[in-house]
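Everything below concerns the one structure shown next.
The values are calculated or read from the model by the stated rules, or taken from the named source; none is laboratory data. Computed from a predicted structure; not experimentally measured. Because the Cβ atoms are built from the backbone with ideal geometry, glycine has one as well, and the counts that use them run over all protein chains shown. For accessibility, only protein heavy atoms count, side chains too; no ligands or nucleic acids. Shrake-Rupley method; radii C 1.70, N 1.55, O 1.52, S 1.80 Å.
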Amino acid sequence: VQLQASGGGLVQAGGSLTLSCAASGRTFSGNAMGWFRQAPGKEREFVAAINWSGGSTAYADSVKGRFTISRDNAKSTVNLQMNSLKPEDTAVYFCAARGTRWGTPMQMSDYAYWGRGTQVTVSS
């Protein structure tokens, strides 16, 4: 699976941004998908995950209630709607594909395919 994330940019605190990840290659619907982020000087961390059908999602506590993950299997895309953004959300955001359809894993090691990140910067 090849993944390409887009939609990053500069936004003021309190604003919104939607990230999109386009997949190609293996059957998209056969993959649970996740978003991770990495801030400068910090380890990459889990943000959100969605199972193959979109019927199950998981979120990091830090983004719960502000971010929404969704997918469109017909278009082979997974989106991350980010609202009420905070300066601490500033990071490079990565999408990942699990390689199997099951679950909403939160560990990096559970994902087999990674895309290049997209930068999100939230100004105060």
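Probe radius 1.4 Å, ligands and nucleic acids ignored: give me the carbon and sulfur share of the accessible area of segment 20-124 as a rounded percent. Please report the intermediate quantities before stating the final value.
Working: 2380 of 5100 Å².
Percent of accessible area from carbon and sulfur atoms in segment 20-124: 47.
Report the equivalent ellipsoid semi-axes for the chain in whole Å, largest first, defined as the square roots of five times the eigenvalues of the gyration tensor built from alpha carbon atoms.
After diagonalising the Cα gyration tensor, the semi-axes are 23, 14, 13 Å.
Just to verify a number: FRET efficiency for residue 13 and residue 81, C-beta to C-beta distance, R0 = 22 Å, to 0.05? Intermediate values should be presented prior to the final figure.
Values: r = 17 Å, r/R0 = 0.76.
FRET efficiency, residue 13 to residue 81: 0.85.
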Practice problem: Could you size up the charge dipole of segment 1-120 around its Cα centre, putting +1 on the beta carbon of Lys and Arg and -1 on that of Asp and Glu, and report it in debye to the nearest 20? | Solution: 220 debye
Self-check item: Å² of accessible area per residue within the chain, as computed with a 1.4 Å probe and no ligands counted
Solution: 49 Å²
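What number, in percent, do you get for the relative contact order of the chain if the mean sequence gap of Cα pairs under 8 Å and at least 6 apart is divided by its residue count? Could the numbers behind the result be given before it?
Values: 330 pairs, mean separation 45.6, N = 124.
Computed over the chain, the figure is 37 percent.
Could you rank the peptides 26-34, 2-10 by their average count of other C-beta atoms within 10 Å per residue, with the highest value first? List each step's numbers first, then the result.
Working: 26-34: 21.0, 2-10: 15.9.
By packing density, highest mean first, the sequence is 26-34, 2-10.
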